[in-house]
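This report concerns only the one structure given below.
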Amino acid sequence: MADPMKIRTTVGAEYTEVRVLMVHPMETGQRKDSGGNLIPIHFIQEMSVKLNGKTVLEGQISQAVSRNPVFSFRLKGAKSGDKLEIAWLDNRGERNRTETAIA
Amino acid sequence: MNPFRRKTLAALALLLVPLRALAAWNKEAFGAKSAGEALKSLGIGASADSKDILIEAPQIAENGAVVPVEITSNVPGTRSIAVVVEKNPFPLVAKFDFSESALPFVKVNVKVGESSFVRAIAEAGGKYYTASREVKVTIGGCGG
């Protein structure tokens, strides 16, 4: 099981900013280890953000997103205490899902 | 075809619509080696240059492995934003789909292999709008 995501939310007047850090190597498949062997490609491909059980945002990403990806999104109509759920799926079929409440 | 079967099929088709809306990773688009091919695979047609697409990124990135890119679309009704780093070996970096409960905004750290234009393409009402911004890289982001 991968490390849980770190999620920070800030409720503002016009939108709620959601910042998420996903712990993932995001290997491009082009890097070599110290022995000169290619490190296999390993990266997050899909992600979704749900607010109170409803999908509000989805993303497809490539290996060109930096290691330990950090994303910021802006949600409308989110209130303090609302349930936020972020999930990802990588190219090896590994999944992660983290739930939090809007601050 | 009998009417019952037709109705059943119509009902099934309706059921399939929301499933199709879920973004499944587009292997062809992400495997494309040019920005043009990648966008074509995403079904993105001709796009118009737009000042309503804002891209914030450093002009000079010392470390291409972590380049913060912030994209805002002020085009009303924006439903998706695709992000392309034109000179990367696989230019398509991401595509985000926004519901009405999310602003068409995203900030993400990306790898930029060599100095390149970073391009964003927004879809609104079946039309495409685009803007780009050059990022110069002193240390590449794909090898290191």
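We did not get these values from a lab; they are worked out from the coordinates using the rules stated. No experiment lies behind these values; they were computed from the predicted model shown. With ideal geometry, Cβ positions are generated from the backbone for all residues, glycine too; neighbour counts draw on all protein chains shown.
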So which residues in segment A:24-59 are closer than 12 Å to residue A:89 by Cα, polar (S, T, N, Q) and either touching a residue at least 60 places away in the same chain (Cβ under 8 Å) or at the interface with chain B (Cβ under 7 Å from one of its Cβ atoms) (or both)?
A:45
Taking segment A:23-59 on its own, how many of its residues are part of a loop (DSSP other than H, G, I, E, B) and either closer than 15 Å to residue A:97 by Cα or among the aromatic types (Phe, Trp, Tyr) (or both)?
5
Selection within segment A:12-22 - over 10 Å from the mean Cα position of the chain (by Cα), aliphatic (A, V, I, L, M) and either surrounded by fewer than 15 Cβ atoms within 10 Å (Cβ to Cβ) or assigned to a loop (DSSP other than H, G, I, E, B) (or both)
A:13
Take segment A:60-77 and flag every residue that is more than 8 Å from chain B (Cβ to nearest Cβ) and assigned to a strand (DSSP E or B).
none
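From the list B:98, B:90, B:117, which one is among the hydrophobic types (A, V, I, L, M, F, W, C), within 9 Å of chain A (Cβ to nearest Cβ) and more than 21 Å from residue A:21 (Cα to Cα)?
Details: B:98 fails: more than 21 Å from residue A:21 (Cα to Cα); B:117 fails: within 9 Å of chain A (Cβ to nearest Cβ).
Of B:98, B:90, B:117, the one residue that is among the hydrophobic types (A, V, I, L, M, F, W, C), within 9 Å of chain A (Cβ to nearest Cβ) and more than 21 Å from residue A:21 (Cα to Cα) is B:90.
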Which of the residues spanning segment B:103-133 are more than 22 Å from residue B:49 (Cα to Cα) and either of a type in the set (D, E, K, R) or buried (at least 24 other Cβ atoms within 10 Å of the Cβ) (or both)?
B:110, B:111, B:112, B:114
Provide a single number: the residues in segment A:43-60 that are surrounded by 24 or more Cβ atoms within 10 Å (Cβ to Cβ), within 10 Å of the chain's Cα centre (by Cα) and closer than 19 Å to residue B:92 by Cβ.
3
Failed condition for residue B:136, given (1) surrounded by fewer than 23 Cβ atoms within 10 Å (Cβ to Cβ); (2) within 14 Å of chain A (Cβ to nearest Cβ):
(2)
